[in-house]
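The values are calculated or read from the model by the stated rules, or taken from the named source; none is laboratory data. Just so it is clear, the structure is predicted and the values come from calculations on it, not from any experiment. Positions of Cβ are backbone-derived with ideal geometry, glycine not excepted, and every protein chain shown enters the neighbour counts. Surface areas here come from the heavy atoms of the whole protein model, side chains and all, with no ligands, DNA or RNA. Shrake-Rupley method; radii C 1.70, N 1.55, O 1.52, S 1.80 Å.
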Amino acid sequence: MNKFWNWLANPPVNGPAAIIFIRLMTGGVFLWEGILKFVYTNQGVGRFTKIGIPFPEFSANFVGSFEIVGGILIILGLFTRFVSLPFIFQMTVAVLTTKIALYLGTSPLPLPPAPPQVGIWAVLHEVRADYAQIMTLIFLCIAGPGSKSFDAKRKGSA
């Protein structure tokens, strides 16, 4: 367990400065999606209610708040692994709760506006952003936040 905490708290910070662009993309998407959950009910409580998430008001507000704070932390490159792991879990839950029903044609959410609307091709089309977020989070867990990050400053490497 101590080894895991050490890994979590000490990401590599010697990666290229260009990793900031991955952090800006990933963190930015979480930041604005978190804000949207508060600004538009259909993106927060309404959506969580439709897909059957327990305690939709609490859950939507919790997830929205975590996305805002976590998105900012990823942009800054601070506590990168601490934030990335729960985001990977969150994105996996998001895919499982929305894309299986889309595949089966039983989604309570509006269907995509143009074909394919159900089945594997609809899922592959609709999952692209989720997939990109998961992959960039895995990248950040492995490669770390890069040399231009607050994690690097925290370790005295910047």
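Restricting to segment 123-158, what's the tally of residues that are within 15 Å of Gly71 (Cβ to Cβ) and over 13 Å from the mean Cα position of the chain (by Cα)?
Here the count works out to 3.
Can you list residue pairs whose Cβ atoms sit under 6 Å apart, with the first residue in segment 107-130 being over 23 Å from Val29 (Cβ atoms) and the second being open to solvent by 90 Å² or more (accessible area, probe 1.4 Å)? Count only pairs 6 or more apart in sequence or on different chains.
Pro108/Lys50
Considering only segment 71-90, state which residues are within 18 Å of Ala143 (Cβ to Cβ), of a type outside the set (Ser, Thr, Tyr) and within 14 Å of the chain's Cα centre (by Cα).
Those that are within 18 Å of Ala143 (Cβ to Cβ), of a type outside the set (Ser, Thr, Tyr) and within 14 Å of the chain's Cα centre (by Cα): Leu73, Ile74, Ile75, Arg81, Phe82, Val83, Leu85, Phe87, Ile88.
If we keep just the residues of segment 67-120 that are modelled with pLDDT of 95 or more and of a type in the set (Phe, Trp, Tyr), which is most open to solvent (accessible area, probe 1.4 Å)?
Filtering first and then ranking leaves Phe89.
If I ask for residues that are of a type outside the set (S, T, N, Q), touching a residue at least 60 places away in the same chain (Cβ under 8 Å) and assigned to a helix (DSSP H, G or I), which ones from segment 54-86 would you list?
Ile74, Leu76, Arg81, Phe82, Leu85
Which residues, counting only those in segment 1-30, are in contact with a Lys or Arg (Cβ under 8 Å, 6 or more places away or on another chain) and either surrounded by 14 or more Cβ atoms within 10 Å (Cβ to Cβ) or in a helix (DSSP H, G or I) (or both)?
Trp7, Leu8, Ala9, Pro11, Val13, Ile19, Ile20
Mind checking which residues of segment 132-158 are surrounded by 16 or more Cβ atoms within 10 Å (Cβ to Cβ) and among the β-branched types (Val, Ile, Thr)?
Scanning segment 132-158 gives Ile134, Thr136.
Pick from Glu57, Glu33: which is loosely packed, with under 15 Cβ neighbours inside 10 Å, among the acidic types (Asp, Glu), within 30 Å of Thr106 (Cβ to Cβ) and out of contact with any Leu (no Cβ under 6 Å at 6 or more places or on another chain)?
The conditions single out Glu57.
So is Ala129 small (Gly, Ala, Ser), surrounded by fewer than 14 Cβ atoms within 10 Å (Cβ to Cβ) and not in a loop (DSSP other than H, G, I, E, B) or not?
yes
Suppose the filter is crowded, with 16+ Cβ neighbours inside 10 Å and of a type in the set (Val, Ile, Thr); does Val63 pass it?
yes
Could you list, in sequence order, the residues of segment 37-52 that are under 17 Å from the mean Cα position of the chain (by Cα) and either among the aromatic types (Phe, Trp, Tyr) or open to solvent by less than 50 Å² (accessible area, probe 1.4 Å) (or both)?
Lys37, Phe38, Gly44, Phe48
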